[in-house]
Each structure stands twice: as structure tokens, then as C-alpha cells.
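Values in this text are rule-based calculations from the coordinates and carry no lab data. Only a predicted model underlies this, so the values are computations on that prediction, with no experimental measurement involved. All Cβ positions, glycine included, derive from the backbone under ideal geometry; neighbour counts span all protein chains shown.
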Amino acid sequence: MQLKEIKNILSCKSITNESLLEKEIDYCYAADMMSDVLKSCKIGSLLITGLVNQQVLQVSEIMDLDGIIFVSGKEPTTEMTETAKCKSLPLLTTEKHLFEVCGILYSRGLRGKEIQHKEENESRDTLQSIIPDKR
């Protein structure tokens, strides 16, 4: 799903350049604790958060995020907006709350890392059943 479609679905306001909304989004992750994002977010995901500070942009760079949606009507500072523009990182804001945004995106087919992780575990379990345990 393209980011511009997500913008419309969630009634978001685009903070950065509209041309950045052409990105294809396959995964999203919702958190306010950036340590959780670093630990569990799939690289290249769309981040949904209520946290509005410079640390969010630092984590987005580390995780190579495809965009950030700020919930509950929160908006990034001018400094954050300028940094995001320099990095071509799409920033959006919506009046909807975190829980609602997650539900809407999930119902439209977007998934988080947990779904991928489950598939990886199933593959590992299949391999373990084929390869005998030599303990």
C-alpha cells in the first residue's frame, strides 16, 4: 500500500513533501518507546508513534524507516520537520489515536514484524523436524 493511500485512509496531514508519499509500505510498527523500535521493528517499516522528539528521527535513520505517523494530533517541531526534509523522510500527523490507527491499518492488510517472525519460526520448526537432534 502506498503511503499516500495510508494518508487518505487515516485522514493525515502531510508535514513533509507530498512527493515522498509515493513509497510502498509493507510493514508498520507502533511504539512510543524507541528502545522497542530498535529491538523489534522491521527495517524499512512505517513507524506509528505518539512520541514527538529528536530521538524518533535518530531511530528512524538507524532503522531506515519509510515514514513516521504521529498520532493524537501531535506535530513535530520545526527542527524535526527540517531534519526530516533533509533526509527525505515522510512525516504525517493524524488526530486518530494509536490503537485506532493500528486497527485501521491492520484491517487494510498491513502487518508488523511479528507476522514475519511467526513465519520464520515455522520454517525453523520444519527444519528441526527434518534434521535429527544429535544431543
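Some notes on this structure:
- Between Ser40 and Gln58, full extension at 0.36 nm per residue minus the direct alpha carbon distance yields a gain of 4.9 nm.
- Kirkwood Rh, Cα atoms: Rg over Rh of segment 3-130: 1.02
- Among the listed pairs Lys23/Lys74; Lys4/Lys85; Lys23/Lys85; Lys23/Lys87, those beyond 19 Å (Cα-Cα): Lys23/Lys74
- Local electrostatic count, Leu10, Cβ distance below 13 Å [Lys/Arg +1, Asp/Glu -1]: +2
- Spacing of the two label points (7 Å from each Cα toward its C-beta) at Ile9 and Ser107, in nm: 1.1 nm
- Based on C-alpha pairs under 8 angstrom that are at least 6 apart in sequence, segment 3-130 has a relative contact order of 29 percent.
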